[in-house]
1. Return the residues of region 381-401 that are more than 15 Å from SER362 (Cβ to Cβ), not in a loop (DSSP other than H, G, I, E, B) and not polar (S, T, N, Q); say none if nothing qualifies.
2. Could you tell me which numbered condition GLN102 fails, if it satisfies all but one of (1) within 29 Å of the chain's Cα centre (by Cα); (2) surrounded by fewer than 14 Cβ atoms within 10 Å (Cβ to Cβ)?
3. Based on this model, can you work out whether ALA181 counts as closer than 16 Å to ALA135 by Cα, among the aliphatic types (A, V, I, L, M) and either within 60 Å of the chain's Cα centre (by Cα) or not in a loop (DSSP other than H, G, I, E, B) (or both)?
4. Looking at ALA229, ALA203, which one is of a type in the set (Gly, Ala, Ser) and under 40 Å from the mean Cα position of the chain (by Cα)?
5. Of the residues that sit in region 231-262 and are touching a Pro at 6+ places or on another chain (Cβ under 8 Å) and within 23 Å of LEU67 (Cα to Cα), which one is modelled with the highest pLDDT?
6. Keeping to region 352-380, report how many residues are assigned to a loop (DSSP other than H, G, I, E, B) and either in contact (Cβ under 8 Å) with a residue 60 or more places away in the chain or farther than 24 Å from ALA51 by Cα (or both).
Amino acid sequence: MSLRRALIISLWAAAVAAASACSNNTSAAGPAGGGGGGRGRGGRGGGGGDAPVVTAKVSEKDVPIDLAAIGNVEAFVTNSVRSQVTGTLVEVAFHEGDVVKQGQLLFNLDRRPFEAALAQAEANLVRDKALLAQAEAQLSRDAANAEYQQLTAERQSQLTQRGIISKDQAEQARAAADATAGTVKADKANIESARAQLVAQEAAVANTRVQLGYTTIRSPIEGQTGSLAVKLGGLVTANQTELMTIARVQPVYVTFTVPAIHLATIKSHKTEGTLAVSAIPQDGDPHSATGGLTFVDNAVDMTTDTIKLKATFPNADRRLWPGQFARVVLRLATLPHAIVVPQQAVQTGQDGQYVFVVKPDSTVEQRPVTSAQRVDQDLVIEKGLKPGEVVVTEGQLRLEQGTRVTTDTGAAPGAGGGRGRGGRGRQGSGGSGGSRGSEGSRGSEGSRGSEGSQGSRGSQGSQGSR
């Protein structure tokens, strides 16, 4: 009995010794073989340091309300130069592309046919004047004869009544007087006809002089000449041949369209005065030309739902050229004391737009905001911010409510601690367990994967394979 009891105690002691040895081996193998076991996550912005960000101050300034469009430059006046008479071009008094003044000589046509026609018309006028004088002289002669014949007829009538002469003689005298009176009426009609013919001939002379004047062509406006369509010696047909065009480029129009939804706003602001318009032509120069809105079309284009507008520019430097395209900005009004932030500071989430505001203790606050219009690279904020506050413009992906930040952009990107994952340790043969996750990734610290393992099998790895 005592022998059996001694055997049981010996076996129990051996078991305790074996369990103690196994526990020691497991502890020794844990850092080496089991360190890779388990999955760890680094914290978001947790205990490793401040998140680096770029910030900007909220500013307050006057912000213009603008409408942008693409416009087309048009000449203030465009004139097509044509001849009003047919003739040969004998002189060109300018060079193509010259700037000409109003009334400046441009072309001369062959004057000889028109000078001959004028001489003929003037000769006919002299003839008609002579015919009129002849008719007037004839009238004077016939009028005197008629008066004599009338007196003779009256005397013959008195003598007939006294019985001195026959009645037949008295009737002959009366007939001669009546015939002479008819001749006077005819002479008066001839004079009226001669006078009418004289007036017509005077008009013909005047018309011939006008036709002769048309052989000299002068500039109707001041402007820039275009290319010459007819060369020297060419035949010019009246009212058909276009010799060239002249465009007035000081001032000029810029025509553009805007959505019709803005028409009411444009009309309301236009009653307060001329709206300013700036235009930047596609010439590589970023500086804009300034003009004013002078025309609003009387109908909306139903096919595009746009309204046509025209702005007038002085164009003193002749920078705007007819036919050019230009970027046009119509300034409707100016918002005084508007709150402005860089547009990249405003983020959009499930609950709408928000910004990260940096508080004095270097932590951030996620604050909802209401934005208005965009002005260049800035955004107008209607509600949610005050002037002087600091907002984050870059680095928002690392932030959440209460995250500490730093503006030191030289700090390591992972200083704030990221989300790291440890790997699962693998059992090695011979006792040392390999690990792919001994340290947390995405952060120098703050990972739960650097220690602790799930189901590490270091105890078996430390002993090796049996």
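1. ILE381, GLU382, LYS383, GLU394, LEU397
2. (1)
3. yes
4. None of the other options fit; the residue is ALA229.
5. Residue satisfying both the conditions and the ranking: VAL252.
6. 3
Conditions tested, residue by residue: (1) closer than 22 Å to ALA121 by Cβ; (2) without any contact (Cβ under 8 Å) to a residue 12 or more places away in the chain; (3) buried (at least 17 other Cβ atoms within 10 Å of the Cβ); (4) not hydroxyl-bearing (Ser, Thr, Tyr).
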| residue | (1), (2), (3), (4) |
| --- | --- |
| GLN158 | no, yes, no, yes |
| GLY163 | no, yes, no, yes |
| ALA170 | no, no, yes, yes |
| GLY182 | no, yes, no, yes |
| ALA189 | no, yes, no, yes |
| ALA204 | yes, no, yes, yes |
| GLU222 | no, no, no, yes |
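The values are calculated or read from the model by the stated rules, or taken from the named source; none is laboratory data. Since this is a predicted model, take the numbers as computed values, not measurements. Here the Cβ is made from the backbone with ideal geometry for all residues, glycine too, and neighbour counts use every protein chain on show.
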